[in-house]
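One structure is given here, and the rest of the page talks about it.
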Amino acid sequence: MSRIGRMPIAIPAGVTVDIAENNKVTVKGPKGTLERVLPSEMEIKLDGAEVTVTRPNDLKKMKSLHGLTRTLVNNMVIGVTDGYEKKLEVNGVGYRAAKAGKKLTLSLGYSHPVEMEDPEGIETVVEGQNVIIVKGIDKEKVGQFAAEIRDKRRPEPYKGKGIKYADETIRRKVGKTGKK
C-alpha cells in the first residue's frame, strides 16, 4: 500500500468536498473554491469528515496515481483553508520590484523594466523593494507564477544577483584570479 495514499484526509470545519462523476472533486472553503478532475481509476470516497482514496489494483501506474491523487485532494483542502504562499528575494545593485494595481514591475538590470500581470486567483505583494510574496489558494498556480517571476533573472553563482526563492541557497563560485 502507498503510505501516503492510504492516509485519510481530514476535512476541517467550514470546508465542503463534492465528488461528482468522472472523479471531479470540488472543494469549497473560507478562501474560495477549487475544482479538479482526478484520475478516474482511483476511487475517492467521502465518509463523514474525511476523504479516502483507494486504488483498484496493484499495477505500477495505479500505485503511482494513488499517492498523487490523495496529495492533490489534500493540497486543495489546505489551499481553501490556509492558502499557499511563496517568497522571492531580489538581490543585486539597482534590482528592485514595485507593484501598481495588478501589475508587478521588476527592474533587473535590463534596458527596460519587466512587467508582469497577476494571473487569475493569484496575488503578489511587494515588501520593501526586494521581497515579493506570491499568494493564492491553488498550490500549482502559486508555484508556477513564482517560477515565472524567478525566470526573469535567475540567480548567478558569482555575485548571487538575480531573483531567488527565500529558502533557496545559491552555490557560489570563486571568480577568476589575475596572472602571476
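Starting from the Cα of Val131, step 7 Å along the direction of its Cβ; do the same at Val174; then give the gap between the two resulting points in nm.
A separation of 3.4 nm, rounded to one decimal place.
Once Rh is set to the Kirkwood radius over Cα pairs, what Stokes-Einstein translational diffusion coefficient, in µm²/s, holds for the range 1-104 at a temperature of 10 °C and a viscosity of 1.306 mPa s?
101
Which aspartates and glutamates does Lys45 reach when only Cα atoms under 13 Å apart count, and residues fewer than 8 places away in its own chain are ignored?
Lys45 reaches Asp18, Glu21.
Please report the Cα spread of the chain along all three principal axes, rounded to whole Å, starting with the longest.
Between the extreme Cα coordinates on each principal axis of the chain lie 70, 45, 24 Å.
Roughly how many Å² is the accessible area per residue of the chain, as a whole number, for a 1.4 Å probe?
62
Okay, helix-only estimate at 222 nm for the chain: each DSSP H run of n ≥ 4 adds -39500 (n - 2.57), divide by all residues, round to 500 deg cm²/dmol; what do you get?
Theoretical 222 nm ellipticity from helices: -6500 deg cm²/dmol.
Quick one: which of Lys31/Lys86; Lys24/Lys152; Lys31/Lys99; Lys86/Lys152; Lys61/Lys139 span more than 26 angstrom between C-alpha atoms?
Those over the limit are Lys24/Lys152.
Per 5 Å bin, what is the whole-percent P(r) computed from every C-alpha pair distance within the range 62-157?
Using 5 Å bins, I get a P(r) of 3, 13, 21, 21, 15, 10, 8, 5, 3, 1, 0 for the range 62-157.
Does anyone have the angle between helix 139-151 and the longest principal axis of the chain? Alpha-carbon axes, 0 to 90°, nearest 10?
The two axes meet at around 20 degrees.
Can you pull the one-decimal nm distance between simple spin-label points at Thr33 and Glu21, each 7 Å off the Cα toward Cβ?
Reported label-point gap for Thr33 and Glu21 is 2.0 nm.
Specify the inter-centroid distance of the range 1-26 and the range 111-177, based on alpha-carbon positions, in whole Å.
For the range 1-26 versus the range 111-177, the Cα centre distance is 32 Å.
For the range 46-112, which whole-number percentage of the solvent-accessible area (1.4 Å probe, protein heavy atoms only) is attributable to carbon and sulfur atoms?
54
If I model a spin label as a point 7 Å beyond the Cα along the Cα-Cβ vector, how far apart are those points for Glu41 and Gln144 in nm?
My value for the distance between the label points is 2.4 nm.
Given the options Thr33, Gly101, Thr69, identify the residue whose Cα lies farthest towards the positive end of the charge dipole of the range 13-118 (+1 on Cβ of Lys, Arg; -1 on Cβ of Asp, Glu).
The listed residue farthest towards the positive side: Gly101.
Using the Karplus curve 6.51 cos²θ - 1.76 cosθ + 1.60 with θ = phi - 60°, work out ³J(HN,Hα) for each residue of the range 54-63 in order, rounded to whole Hz, and write x for Gly and Pro.
Working through the residues one at a time gives 10, 10, x, 8, 9, 5, 4, 4, 5, 4 Hz.
Determine the dipole magnitude for the range 8-125: charges of +1 sit on the beta-carbon of Lys and Arg, -1 on that of Asp and Glu, nothing else is charged, the reference point is the Cα centre, and the result goes in debye to the nearest 20.
So the dipole magnitude of the range 8-125 works out to roughly 280 debye.
For the range 90-170, with only Lys/Arg (+1) and Asp/Glu (-1) charged at the beta-carbon, what is the dipole magnitude about the Cα centre, in debye rounded to 20?
340
The values are calculated or read from the model by the stated rules, or taken from the named source; none is laboratory data. Keep in mind that this is a model prediction, so the values were computed, not measured. Don't worry about glycine lacking a Cβ; one is built from the backbone with ideal geometry, like all the others, and counts go over all protein chains shown. Ligands, DNA and RNA are excluded from the accessible area calculation, which covers all protein heavy atoms including side chains. Shrake-Rupley method; radii C 1.70, N 1.55, O 1.52, S 1.80 Å.
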